[in-house]
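*Asks:* Before we start, here is the structure in question, set down as structure tokens.
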Amino acid sequence: MKKRRLVYLLAFALLFTAEVLIALFVHDTFVRPFIGDVLVVVLIVLFIRIFVPDGVRLLPLYVFLFAAAVEFLQLADPVRLLGIEGCPFLRIAIGSTFDPLDLLAYALGALVCFLGEWLVRKRRK
């Protein structure tokens with residue numbers, strides 16, 4: 001189990017680095033807004049798997065539901081309500097605009113996680 005946690009930690013670190021590089025250097029209309037959202041679901045699942053490597057088979061679904069809830073909360077403009085317009089990091093992390101395509105990206109990220117975990121389980125047998 002310790003080895004699996006280390007694998008999740010390394011995968012998280014690599015993906016986190018990729019997400020930061022995308023955020024800093026990619027300014028397009030597909031990779032940053034869409035692929036970045038796909039990867040953020042994978043990133044959150046990997047982070048949780050560091051601490052809970054087994055036993056939560058529906059974790060990607062739970063992360064998707066969390067991401068979707070945050071997306072729907074954007075309809076209420078939480079950045080303005082919380083008064084954090086001047087903090088770019090929090091503004092980006094929370095988001096300020098509802099976009100249904102983000103829900104698709106989150107779903108694809110969850111699907112990637114489900115497929116990845118299914119392949120790992122299949123390989124272990």
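The values are calculated or read from the model by the stated rules, or taken from the named source; none is laboratory data. Remember, predicted model here, so these are calculated numbers, not experimental data. Glycine also receives a Cβ, built like all others from the backbone with ideal geometry; neighbour counts cover every protein chain displayed. Each accessible area value is taken on the protein alone, full model and side chains, heavy atoms only, with ligands, DNA and RNA left out. Shrake-Rupley method; radii C 1.70, N 1.55, O 1.52, S 1.80 Å.
*Asks:* Calculate log10 I(q)/I(0) of the range 14-125 for q = 0.10, 0.19 Å⁻¹, where I(q) comes from the Debye formula with a single equal point scatterer on each Cα and nothing for solvent.
*Replies:* These q points yield log10 I(q)/I(0) values of -0.32, -1.05.
*Asks:* Between ASP28 and CYS87, with labels modelled 7 Å along Cα→Cβ, what's the label distance in nm to one decimal, could you check?
*Replies:* It is 3.2 nm.
*Asks:* Tally Lys and Arg at +1 and Asp and Glu at -1 over the other residues with C-beta under 12 Å from the C-beta of CYS113: what net charge comes out?
*Replies:* Net charge around CYS113: +1.
*Asks:* Same structure again: As a test of reading the structure, rank CYS113, CYS87 by solvent-accessible area (1.4 Å probe, protein chains only), most first.
*Replies:* CYS87, CYS113
*Asks:* Quick test of the membrane-span-like rule: which DSSP H helices of the chain reach at least 20 Å along their long axis (C-alpha atoms) with mean Kyte hydropathy at least 1.0?
*Replies:* 2-25, 36-51, 59-73
*Asks:* Within straight cross-link reach of LYS2, meaning Cα distance under 19 Å, which aspartates and glutamates are found once same-chain residues fewer than 8 apart are removed?
*Replies:* Cα-Cα hits under 19 Å: ASP54, GLU117.
*Asks:* With the full set of protein chains in place, find how many percent of the accessible area of the chain is carbon and sulfur; take the probe as 1.4 Å.
*Replies:* C and S atoms contribute 75 percent here.
*Asks:* I've got another one for you. Hey, how many Å between the Cα centroid of the range 45-79 and the Cα centroid of the range 91-125?
*Replies:* Each part reduced to its Cα centre gives a spacing of 9 Å.
*Asks:* Just from its helices, what would the mean residue ellipticity at 222 nm be for the chain, if runs of 4 or more DSSP H residues each count -39500 (n - 2.57) and the sum is divided by every residue, rounded to the nearest 500 deg cm²/dmol?
*Replies:* Value at 222 nm, helices only, nearest 500: -24000 deg cm²/dmol.
*Asks:* Any idea of the accessible area per residue across the chain, 1.4 Å probe, to the nearest Å²?
*Replies:* That works out to 67 Å² per residue.
*Asks:* Let me ask you something else. Counting only C-alpha contacts under 8 Å and six or more residues apart, can you give the relative contact order of the chain as a whole percent?
*Replies:* This gives 31 percent for the chain.
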